[in-house]
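One structure is given below, encoded as structure tokens.
FYI, it's all coordinate maths here, none of it is from the lab. Remember, it's a predicted structure, so these values are computed and weren't measured experimentally. Cβ placement follows ideal geometry from the backbone for every residue including glycine, while neighbour counts extend to all protein chains displayed.
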């Protein structure tokens, strides 16, 4: 638990560090380089770099990119939204976090999309306790998103985390009939992925970049949460 907390602390601090740089004109590749420098300087390892061949230290996903955006020469523009997803490994334990940010002034609808995604994550985390089921977490996410008039992504989901970046159980963002019960010490990476219109997505030819089929914007939020004997601990918060 101690090592996992440290991985979470580095991830949280890195996310805060990157958020301070987000402005029009910044290249996504620059954010990637600064993230790798920060994580390594603080004694961690970028968990995504080289994972199944992924080329970046972090995922940077602007606008209609849902997840797994490959950092490069794209320059953020006024009015964009961009999600940053990053993982850290420290002494054999992992933590994973994501957030969506406004680039300059954004539309009211994009603000609502980001807000609903944050609220869905908050509602899901509040369901975490010993004996709760994955479906209770999923229902909390789906309920918030539907009430806001948006759509959850069904093709990708949250996951267990600990000694591996991705491990059981899977955590869908919709009710799937998953009755897996939470137990003390279990690590969960809960991550609502919310689309402005349809929940349908596709993977681009690079084999990584996931985009909305209709071209509408998408938002993503994620925290690593550990189930305690009483309640939970969010380890990816400063």
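A few comments on the model shown:
- Whole-angstrom gap from the range 173-238 to the range 103-171, using each part's C-alpha centre: 5 Å
- Average Cα contact separation per residue, the range 2-234, under 8 Å, 6 or more apart, as relative contact order %: 21 percent
- Per residue, the convex hull spanned by the alpha carbons of the chain comes to 106 Å³.
- Sorted by Cβ neighbour density within 10 Å, fewest at the top, the residues 4, 21, 193: 21, 4, 193
- Fewest neighbouring Cβ atoms within 10 Å first, the residues 154, 163 line up as 163, 154.
- The range 86-127 - Debye-derived log10 I(q)/I(0), Cα point model, q = 0.15, 0.23 Å⁻¹: -0.55, -0.84
- Relative contact order computed over the range 7-145 (Cα-Cα under 8 Å; 6+ residues apart), in percent: 22 percent
- Here the residues 34, 146, ranked from fewest to most Cβ neighbours within 10 Å of their Cβ, fall in the order 146, 34.
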